[in-house]
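Notes follow once the structure below has been shown.
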Amino acid sequence: MTDTSLVAGVDEVGRGPLAGPVVTAAVILDPNKPIEGLNDSKKLSEKRREELEPLIKQRALAWSLGRAEAEEIDQINILQATLLAMKRAVEGLDIDPTHALVDGNKAPDLACPVTTIIKGDQSEPAIAAASILAKVARDREMQVMDALYPGYGLAKHKGYPTKQHQQALLDLGVTPIHRRSFKPVRLALK
């Protein structure tokens, strides 16, 4: 039996957007400092995620963010980039986990045993915590990108392929943060 206090939850945010990085987080929760209200970040309001994020950072035994940039996504595909970002998040932890619980059905190549759990962000508090940290970090970054690249609506849709975003690609062109391997961006480059 592994020491359950050193289990890292791992999740990602941003596989579907046309712009920006895929962001991952790894979190080792402290069983002596429970956090009420952890859930899949998509099931929480932005306000609730913003409230939980500092609590997770304060109470966790360790946490880390990982990422893969748009260029990496274009080079190795979104799945491989996501797994790479997850590996970076786990390797960034101050404590080596004895086990990793990863949301989804694909496991990154880690130094510890890995268990994948479909919808794990809804059943495993450590994965939910990772989901929240990744989502808050990526959303904040997209707000900064919105100021750098006005007109695309990045603060609102976070880079996802909304009608507004796809029209902005055609009207304004492709920015350095856009994923050129994604079809709507490829079409805007023609």
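The values are calculated or read from the model by the stated rules, or taken from the named source; none is laboratory data. Note that the structure is a prediction, hence the values are computed from the model and not measured. Ideal geometry is used to build each Cβ from the backbone, glycine not excepted, and the neighbour counts take in all protein chains shown.
Report whether or not Lys87 is over 17 Å from Arg138 (Cβ atoms), part of a helix (DSSP H, G or I) and within 16 Å of the chain's Cα centre (by Cα).
Yes: the conditions hold for Lys87.
So which residues in region 45-80 are part of a helix (DSSP H, G or I) and among the polar types (S, T, N, Q)?
Residues satisfying the conditions are Gln58, Gln75, Gln80.
All but one of (1) out of contact with any helix residue (DSSP H, G or I) (no Cβ under 8 Å at 6 or more places or on another chain); (2) surrounded by fewer than 19 Cβ atoms within 10 Å (Cβ to Cβ); (3) outside any helix (DSSP H, G or I) hold for Leu93, so report the exception by its number.
Every condition holds for Leu93 apart from (2).
Taking Val114, is it of a type in the set (Val, Ile, Thr), over 15 Å from the mean Cα position of the chain (by Cα) and surrounded by 13 or more Cβ atoms within 10 Å (Cβ to Cβ)?
For Val114, the condition - of a type in the set (Val, Ile, Thr), over 15 Å from the mean Cα position of the chain (by Cα) and surrounded by 13 or more Cβ atoms within 10 Å (Cβ to Cβ) - is met.
Report, by residue number, each residue of region 71-81 that is touching a residue at least 60 places away in the same chain (Cβ under 8 Å) and crowded, with 24+ Cβ neighbours inside 10 Å.
Listed by number, the list holds a single entry, Ile73.
Could you tell me whether Ala68 is touching a Pro at 6+ places or on another chain (Cβ under 7 Å), touching a residue at least 12 places away in the same chain (Cβ under 8 Å) and not hydroxyl-bearing (Ser, Thr, Tyr)?
Here the answer is yes, as Ala68 does meet what is asked.
Can you tell me which residue within region 1-29, out of those that are at pLDDT below 95 and of a type outside the set (Gly, Ala, Ser), is nearest to Arg179 (Cα to Cα)? Show your work before the answer.
Residues of region 1-29 that are at pLDDT below 95, as a first pass: 1-6.
From what's left, of a type outside the set (Gly, Ala, Ser): 1-4, 6.
Details: Met1: 42, Thr2: 40, Asp3: 40, Thr4: 38, Leu6: 35 Å.
Selected residue: Leu6.
Suppose we filter region 42-90 for residues that are on the phi > 0 side of the Ramachandran plot and touching a strand residue (DSSP E or B) at 6+ places or on another chain (Cβ under 7 Å); how many remain?
0
Which residues, counting only those in region 28-64, are buried (at least 19 other Cβ atoms within 10 Å of the Cβ), within 12 Å of the chain's Cα centre (by Cα) and touching a residue at least 40 places away in the same chain (Cβ under 8 Å)?
Listed by number, the list holds a single entry, Ser41.
Check off (1) over 30 Å from Lys183 (Cβ atoms); (2) modelled with pLDDT under 95 for Asp40 and give me the number that stays unchecked.
Asp40 satisfies every listed condition except (1).
It is to be established whether one or more residues within region 82-100 are touching a residue at least 24 places away in the same chain (Cβ under 8 Å), over 19 Å from Ser131 (Cα atoms) and among the polar types (S, T, N, Q).
Yes: one or more hits.
I'd like to check which helices (runs of 4 or more DSSP H) are fully inside region 111-190 and have at least 3 residues that are among the charged types (D, E, K, R). Steps first, please.
Working: elements: 120-123, 125-148, 154-157, 163-172, 183-189.
Where helices (runs of 4 or more DSSP H) fall fully within region 111-190 and carry at least 3 residues being among the charged types (D, E, K, R), they are 125-148.
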